[in-house]
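The values are calculated or read from the model by the stated rules, or taken from the named source; none is laboratory data. Since we're looking at a predicted model, the values are computed, not measured. Cβ: placed from backbone, ideal geometry, glycine included. Neighbour counts: every protein chain shown. Remember, those area values only see protein heavy atoms, side chains included, never the ligands or the DNA or RNA. Shrake-Rupley method; radii C 1.70, N 1.55, O 1.52, S 1.80 Å.
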Amino acid sequence: MNAFHHEGRPRARGPVVSFHPQSFAPSTGAVRGLARSPVWWACALACAISPVAAQTEQALPTVVVTGNPLRQAEPAAPVVALEGDALASRRGATLGETLDGLLGVSSSYFGPNASRPVIRGLDGDRLRVLQNSGASVDASGLSFDHAVPLDPLVVERVEVLRGPAALMYGGSAVGGVVNALDNRIPRAPVSGVTGSAELRAGGAASERGGSALLEAGDGRIAVHADAFSRETEDLRVPRFVPRTPDGAAGEATRRIENSQSHARGGALGASLTFDRGYLGASVDTYRNDYGVVVEPEVAIRMRRERRALAGEWRPQGGWWRAVRMQWNHTDYRHDEVEGEEVGTRFRSQGADGRLELVHRPWAALGGAEGVVGLQVERSDFAALGEEAFVPSTRTRSSAVFVLEEWTTGALRWSAGVRREQVRVGSDGDAPGEEMRFAAASERRFGLGSASLGLSSQLAGGWRLGGSVSYTERAPTFYELYARGVHVATGAYERGDPAQRKERGTHLELTAQWKEASNSLKASAFASRFSRFIALEGTGEVMEEPGEDGEVASYPVYAFRGVRARFHGVELEARRRVAARPARIDLEARLDWVRASNADTGEPLPRISPARLTLGAQAARGPWQAGAEVQHAARQSRVPGDDVPTPSYTLLHLHASHRVQAGASHWTWFVQARNLTNRLAYNAASIRTVRELAPLPGRALHVGLRASF
């Protein structure tokens, strides 16, 4: 059992201490900075009281949540779950960095502070980033330099639902769902006091910070509190020459300029638990100040406040097996600051709610069991300032969905439908302002999605499956109403208020084999979009007044509907080669995706190349160690306005040691990343930033985790 699991439930992890990634020598400044952090002292207190803390919490089995409303041990939808030691060893400064390298998952990587996940070549608003299955209201889909306001330090578990099986979460989840889970609203009784803390140190950004968590209860009322802090310096990388998209070269350097950051936050939550459910609420805050790597003098000050309410009731009898509800309200804002002057302000306020009714097996439908759900969302967005390239907008959506599963002989079937209504409106130009955007208007979209899947358990540990689905997605507010210079992309972007909805069909085939500690997973997928909203160059040039009266020229890109094709394969294998005296496992992962504009035959942009990862894990007693080699092929299949990305191979090592002291568990760990200090670039990054921000260089992380 992982030291950060108590009775089957993962625990939050915490704080960070700093090492120089080139020499592996301690940074005393980082240690002093950590010692000044109030989160560090909270972690130290948590660790100090751990031997005498009570540990009588009721068991709560770990069950996949995302895309699994029936809470089955083996959900029909393909879900990858990351928790415990696996999450701790991958945890980065952003959600995208944390998940990058998982099967089929890469990241947009706009430097070390802003990185969204990319699933099977689809990013932005084609995949949904959720927090406890609720919407993450932010501006990260609008621009690559906008971070997702979630810090992996306080996330207990991340689930990735790949492919179109995510219709429960909307047509915008066609690429998949990333769900960050925590226990800020306790879902099970807590008796006594439990908690966890983590101290981490080092990395290529000289990270320093941490997190701590405490939970207490009397078996009926459960209370949760957590806090985190993370501070980094400019990212160190192998020696490189920064280049802008026009080919201009800067001076050789080993740092990414203006890539420092300081993030902090925390939460309070409480629940009333009872025999057949719970009802709880939480409040949390998130702060992040970080530099923008394409603008050396610009920093982003991000703030987010979130309030959540959730509950579940499991009736003892009758038609319904469970009734679940949740509601979230978010206030998000960030300022783009140059010196002390605020250039552009982004504000987003939104709320979302879900109601799920899980029914018992229905004999009239062959024993089918499933869920009927209702989902509503609203968000109001405003961007004010010279660099705002979208008007103030409002988005409203409401949807109903049904998901059913049943068995016929050796086949297990699943089917789902979703009907959604979306309204997207623009306020146009404010009274008295010069004409920049079109007049105020509103678009309405009726969307439908459906899926059908099946799987079969065969002899010899094999399971075969497949799914087919149809999805529709409403265009976002910026795909409709954008009109202006987008500094992050270095282009003048133009939306189309007459844009039609996006439509696609999707097919996936899977095969899995498992025998003891050995396993094999393989999948092939294909998507055909009859209408895919792409950002394409028009060949036009727009001139805009710059500083000191100078005129700057920008290429014009427009959001257009095109036909698009995606297809790819994913393979993952694990084999145990020794059990004594040490347990040794070998693993391999391979993924490849190809995406094209079917109208022109040109490749779609920002697609990761074929990637192969080979790893070995060894464990003996309290010791664990491992090595991983990641290879990314050269990405030469790029659109005409991009350049190929070279291949690279990275070597990573890690080791850990566990100690139990009374009722507490301690884990020391060390991680060496990019041990050969290889210069590497992310093909999924936009060209504006790719040659300004290589991947991190050689780095050493050390840390301590404790739970009680």
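Based only on Cα atoms, what mean projected area does the convex hull of the stretch 73-120 have, in nm²?
3.8
Take the Cα atoms of the stretch 295-342, find their three principal axes, and give me the spread along each one in whole Å, biggest first.
Principal extents (largest minus smallest coordinate, Cα): 63, 16, 9 Å.
By average Cβ neighbour count within 10 Å, what is the ranking of 103-111, 311-319 from highest down?
Averaged packing, sorted descending, gives the order 103-111, 311-319.
Per-residue counts of other Cβ atoms within 10 Å, averaged by peptide: what ranking do you get for 198-209, 289-300, highest first?
Those peptides, ordered most packed to least, come out 198-209, 289-300.
Expressed in nm to one decimal, what extension gain is obtained for the pair E602 and A524 from 0.36 nm per residue of sequence separation less their Cα-Cα distance?
So the extension gain works out to 25.9 nm.
Heavy atoms only, probe 1.4 angstrom, no DNA, RNA or ligands counted: give me E479, E305 ranked by accessible area, highest first.
Highest to lowest solvent-accessible surface, that is E305, E479.
Kindly identify the stretch 445-588 as rounded, prolate or oblate by the Cα gyration tensor criterion: order the square roots of the eigenvalues as a ≥ b ≥ c, call it rounded if a/c is under 1.5, otherwise compare a/b with b/c, prolate if a/b is larger, else oblate.
oblate
Going by average Cβ neighbours within 10 Å, how do the peptides 364-373, 129-138 rank, with the highest at the top?
129-138, 364-373
Could you run the Karplus curve 6.51 cos²θ - 1.76 cosθ + 1.60 with θ = phi - 60° over the stretch 535-540 and give me ³J(HN,Hα) per residue in whole Hz, x for Gly and Pro?
Values, residue by residue: 9, 10, x, 9, x, 7 Hz.
Could you let me know the centre-to-centre spacing of the stretch 661-705 and the stretch 527-542, using Cα atoms, in angstrom?
Computed from Cα coordinates, the inter-centre distance equals 35 Å.
With a/c under 1.5 counting as rounded, go ahead and sort the chain into rounded, prolate or oblate using the C-alpha gyration tensor (a ≥ b ≥ c being the square roots of the eigenvalues; past the cut-off, prolate if a/b is larger than b/c, else oblate).
rounded
If one computes the Cα centroid of the stretch 396-472 and of the stretch 222-237, what distance in Å separates the two points?
Answer, in whole Å: 34.
Taking each pair of distinct Cα atoms in the stretch 578-708 once, what is the resulting Kirkwood hydrodynamic radius in Å?
17.5
Before anything else, pin down the relative contact order of the stretch 458-541: Cα pairs under 8 Å, at least 6 apart, normalised by residue count, whole percent.
With pairs under 8 Å counted, the relative contact order is 31 percent.
Alpha carbon centre of the stretch 76-147 versus the stretch 586-650: separation in Å?
Measuring centre to centre over Cα atoms gives 16 Å.
Could you give me the ³J(HN,Hα) list for the stretch 462-474, computed from phi with Karplus coefficients 6.51, -1.76, 1.60 and θ = phi - 60°, whole Hz, x at Gly and Pro?
Taking θ as phi minus 60°, the curve returns 8, 9, 10, x, x, 8, 9, 8, 10, 10, 10, 10, 6 Hz for the stretch 462-474.
Spin-label point model (7 Å from Cα, Cβ direction): what's the L355 to R436 distance in nm?
For the pair L355/R436, the computed spacing is 4.1 nm.
Can you give me the % of accessible surface on the stretch 284-442 that is carbon or sulfur? Probe 1.4 Å, all protein chains present, nothing else counted.
Carbon plus sulfur share of accessible area: 56 percent.
Can you give the Kirkwood hydrodynamic radius of the stretch 274-401 from its Cα pairs, in Å with one decimal?
Value: 18.0 Å, from the Cα pair sum.
Tell me whether the stretch 160-263 comes out rounded, prolate or oblate; compute the Cα gyration tensor, take square roots of the eigenvalues as a ≥ b ≥ c, and use a/c under 1.5 as the rounded threshold.
oblate
Given points 7 Å out from each Cα along the Cα-Cβ axis, report the L586 to E341 separation in nanometres with one decimal.
6.2
Keeping all protein chains in place, calculate the accessible area per residue for the chain (probe 1.4 angstrom), answer in Å².
Solvent-accessible surface per residue comes out at 40 Å².
Tell me the relative contact order for the stretch 346-403 as a rounded percent, counting alpha carbon contacts under 8 Å between residues six or more apart.
It rounds to 36 percent for the stretch 346-403.
Restricting attention to the stretch 229-285, which GluC sites (Glu not before Pro) occupy a DSSP loop and are surrounded by at most 12 other Cβ atoms within 10 Å?
E251
Only helical DSSP H runs with n ≥ 4 go in: add -39500 (n - 2.57) per run for the chain, normalise by residue count and round the 222 nm mean residue ellipticity to 500 deg cm²/dmol.
My calculation for the chain gives -1500 deg cm²/dmol from helical runs alone.
Out of the stretch 540-596, which chymotrypsin sites (Phe, Trp or Tyr not before Pro) are coil in DSSP terms and have no more than 13 other C-beta atoms within 10 Å?
none
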